[in-house]
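Here is the structure we will look at, set down as structure tokens.
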Amino acid sequence: MIYEVVIPGKVVPKARPRFDSRSGRAYTPHDYSEWLDMASETVAYTLRKPGLSGPLLLRCAISPDQTEVAVMPCSPVTYTSRRFDLDNAVGAVMDALQKGGAVNNDRDFVRIETWLT
């Protein structure tokens, strides 16, 4: 089974939590919260199906006016529970590449292929 959805508009990158200096509480920036609400409603309305469980493959084609997404089961790998999200692991590797001088700016990546082994 393949789930495909097109999310309209420009992606707002995931924002790190911000802190209110007066209250000391963490909050998510408004533009990201608005985009996330719209995108998740689009996914729910388009798919109307139960969620898939892993191992899964995610494909995203991100353009200025929309994001095409496909989620599908992938062939079994050594799939064990882990204590991190794959996107966080990729972010850490990209940070290390930039800090170590392999790339000048991790924003220059335009395609990322990542999998667990």
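The values are calculated or read from the model by the stated rules, or taken from the named source; none is laboratory data. Keep in mind it's a predicted model, so treat the numbers as computed, not measured. Quick reminder, even Gly has a Cβ in these numbers, built from the backbone with ideal geometry, and neighbours come from all protein chains shown.
Within the range 29-73, being among the small types (Gly, Ala, Ser), over 20 Å from VAL12 (Cβ atoms), surrounded by 11 or more Cβ atoms within 10 Å (Cβ to Cβ) and without any contact (Cβ under 8 Å) to a residue 40 or more places away in the chain holds for one residue alone: GLY54.
Among the residues of the range 16-49, those that are touching a strand residue (DSSP E or B) at 6+ places or on another chain (Cβ under 7 Å) and aliphatic (A, V, I, L, M) comprise ALA26, ALA39, VAL43, LEU47. Taking the conditions (1) surrounded by fewer than 13 Cβ atoms within 10 Å (Cβ to Cβ); (2) in contact (Cβ under 8 Å) with a residue 12 or more places away in the chain; (3) more than 28 Å from LEU116 (Cα to Cα); (4) not aromatic (Phe, Trp, Tyr) in turn, LYS14 satisfies each one other than (3).
Looking only at residues in the range 39-81 that are among the hydroxyl-bearing types (Ser, Thr, Tyr) and assigned to a loop (DSSP other than H, G, I, E, B), the one that is modelled with the lowest pLDDT is TYR79. The residues of the range 93-117 that are at pLDDT 80 or above and exposed (fewer than 10 other Cβ atoms within 10 Å of the Cβ), listed by number, are GLY100, GLY101, ASN104, ASN105, ASP108, VAL110, ARG111, GLU113. Of the numbered criteria (1) within 14 Å of the chain's Cα centre (by Cα); (2) over 24 Å from VAL6 (Cβ atoms); (3) assigned to a helix (DSSP H, G or I), the one LEU36 fails is (2).
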